[in-house]
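Contents: one structure, followed by commentary.
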Amino acid sequence: MEPLGTPAKKPTVFEALKALGLAGIIGYGIASLFTYSAAFAATWYGYAGAADLPRWQKVLEVFGLMWLASRATQPIRIAGAVLGAPIINQALNSFKNRKPS
């Protein structure tokens with residue numbers, strides 16, 4: 001039993017997705033792929049393309065903006081994983097149950 005006043009430990013994102021099984025982890029990876037690709041393209045072509053800075057400074061600033069974007073889009077990635085988990089689970093089961101020809 002925890003002493004009074006001790007905050008309850010919140011599960012991490014991956015602990016919550018682990019409850020969805022392999023489909024949750026794969027769904028999170030797919031959602032991350034799309035959100036990071038879109039965020040990188042938007043920051044690289046939108047911000048770094050317009051800024052008149054040396055290339056190394058553009059790269060550092062884009063990575064900083066990507067870190068901010070990863071924090072902002074985390075709920076979207078989690079929602080994508082939760083919504084996509086049943087579909088991915090069905091695809092994994094059909095692949096697993098497929099008979100070799």
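Read-outs: derived from the displayed coordinates by stated rules, not from any lab. Please read all numbers here as calculations on a predicted model, not as lab measurements. All Cβ positions, even for glycine, are placed from backbone atoms using ideal geometry, and neighbour counts span all protein chains on display.
Can you tell me the relative contact order of the chain? Whole percent, Cα pairs under 8 Å, sequence separation 6 or more.
43 percent
Loop sites only, by DSSP: take the trypsin sites (Lys or Arg not before Pro) in the chain that have at most 13 other C-beta atoms within 10 Å and name the longest stretch containing none of them.
10-97
At q = 0.17, 0.28 Å⁻¹, what is the log10 ratio I(q)/I(0) for region 24-66, with the Debye formula run over Cα points and no solvent?
-0.50, -0.89
Please report, in whole Å³, the volume per residue of the convex hull around the C-alpha atoms of region 13-91.
86 Å³
To the nearest 10 degrees, how steep is helix 74-96 against the longest Cα principal axis of the chain, on a 0 to 90 scale?
Compared with the principal axis, the helix lies near 50 degrees.
Just to confirm the number: angle between the C-alpha axis of helix 55-72 and the first principal axis of the chain, 0 to 90 degrees, nearest 10?
For 55-72 against the chain, the angle is about 40 degrees.
Return the FRET efficiency for the residue pair Ser37, Ser94: r is the Cβ-Cβ distance, R0 is 25 Å, and the value is rounded to the nearest 0.05.
That pair, Ser37 with Ser94, gives E of 0.40.
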